[in-house]
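**Q** Structure below; questions to follow.
The values are calculated or read from the model by the stated rules, or taken from the named source; none is laboratory data. Just so it is clear, the model here is predicted, and its values are computed rather than measured. Cβ placement follows ideal geometry from the backbone for every residue including glycine, while neighbour counts extend to all protein chains displayed. Protein only, heavy atoms only, side chains kept; ligands, DNA and RNA dropped before computing areas. Shrake-Rupley method; radii C 1.70, N 1.55, O 1.52, S 1.80 Å.
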Amino acid sequence: MEAQLAMVAIQLDMPDEAKALYEDSKRYDLLNKMFQANGEPDNAIEVAEKYDRINLKNTFYSAAKYYEAANNFQQAIELYEKAGTHTKEVPRMLLEAQKLAELEDYVEKKKDKELYLWLGQYKESIGYLDDAISYYEQAGSSSNLVRLHLSQNQLDAARKICNTDSEPQACFLLARYL
């Protein structure tokens, strides 16, 4: 009954009463959602860490989206990392904000293979092939290296990679090229 009354309190713009009712009914999941909807990500995280652990990663992600919208990129990055979505969300966010230098710094700081791969693909897509090769090497992506070398008619470099690496896809790309 308290949870239902809390919903009524929300509709009547009585958030303090709704909070008390959610706490009385131990509906911390709904309290968490209320804080998120009211733009109180720190309170939502606090509730999730103490009482609603099953929704903790989702709460981190929602809070990161909130801070991203507020252009607080550093806080958003920390929360995307806690949510476990930083390898996709941080590059997307920084690229959309046209902060390529910060993105490159972030990737170099993290030394994460997925981030190196993402940045290599981005550099390749805008035509910076030497940078792409460097990032693919750091990611250990021999198939992308072979594909890129073959597109530049660097057959010897592609062969060398295939002879030193046993990644089947890289060898397949070379065989298909030949």
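**Q** What Kirkwood hydrodynamic radius do you get for segment 1-66 when you take the inverse of the mean 1/r over all pairs of distinct Cα atoms, in Å?
**A** 11.6 Å
**Q** Sorting TYR28, TYR22 by accessible area (1.4 Å probe), largest first, what list results?
**A** TYR28, TYR22
**Q** Now for a different question. Treat each spin label as a single point 7 Å out from the Cα along the C-beta direction, and report the ASN71 to ASP13 distance in nm.
**A** 2.9 nm
**Q** For segment 61-161, what does the accessible surface come to per residue with a 1.4 Å probe? Please give it in Å².
**A** About 53 Å² of surface per residue is accessible.
**Q** Another one. Working with all protein chains in place, sort LEU5, LEU173 by solvent-accessible area computed with a 1.4 Å probe, largest first.
**A** Largest to smallest exposure gives the sequence LEU5, LEU173.
**Q** Still on this structure: Classify segment 24-178 from the C-alpha gyration tensor, please: rounded if a/c falls under 1.5, else prolate or oblate depending on whether a/b exceeds b/c.
**A** prolate
**Q** Here's a follow-up. For the residue pair LEU5 and LYS109, what label-to-label distance in nm results when each label sits 7 Å from Cα along the Cα-to-beta-carbon direction?
**A** 4.8 nm
**Q** Let me ask something else about it. Based on the Cβ-Cβ distance of SER125 and LYS57, what FRET efficiency does E = 1/(1 + (r/R0)^6) give at R0 = 35 Å, to the nearest 0.05?
**A** Efficiency computed from Cβ-Cβ geometry: 0.70.
**Q** Sort the following peptides by mean Cβ neighbour count (other Cβ atoms within 10 Å, averaged over residues), highest first: 86-93, 39-46, 126-133, 114-121.
**A** Answer by packing, highest mean first, reads 114-121, 86-93, 39-46, 126-133.
**Q** Provide Rg and Dmax in Å for segment 1-113, with only Cα atoms included in the calculation.
**A** 16.8, 53
**Q** Roughly how many percent of the accessible protein surface of the chain is carbon and sulfur, given a 1.4 Å probe and a whole-percent answer?
**A** Answer for the chain is 48 percent, counting heavy atoms of protein chains only.
**Q** Using only Cα atoms, find the angle between the long axis of helix 168-177 and the longest principal axis of the chain, and express it within 0 to 90 degrees, rounded to the nearest 10.
**A** Its long axis makes an angle of about 50 degrees.
**Q** Between helix 73-83 and the chain, what is the angle of the helix's C-alpha long axis to the longest principal axis, kept within 0 to 90° and rounded to the nearest 10?
**A** That helix lies at roughly 90 degrees to the long axis.
**Q** Using only Cα atoms, tell me the angle between helix 113-125 and the longest principal axis of the chain; keep it within 0 to 90° and round to the nearest 10.
**A** 70 degrees
**Q** Also: Solvent-accessible area of LYS109, probe 1.4 Å, all protein chains present, reported in Å² to the nearest ten, please.
**A** 140 Å²
**Q** Note down the magnitude of the dipole of segment 1-85 about its Cα centre, charges +1 on Lys and Arg C-beta and -1 on Asp and Glu C-beta and zero elsewhere, to the nearest 20 debye.
**A** 320 debye
**Q** Sort 98-108, 56-66 by the packing proxy (mean of other Cβ within 10 Å over each peptide's residues), most packed first.
**A** Result, highest mean first: 56-66, 98-108.
**Q** What spacing in nm lies between the two simple spin-label points modelled at GLN152 and GLU78, each 7 Å away from Cα in the Cβ direction?
**A** 4.0 nm
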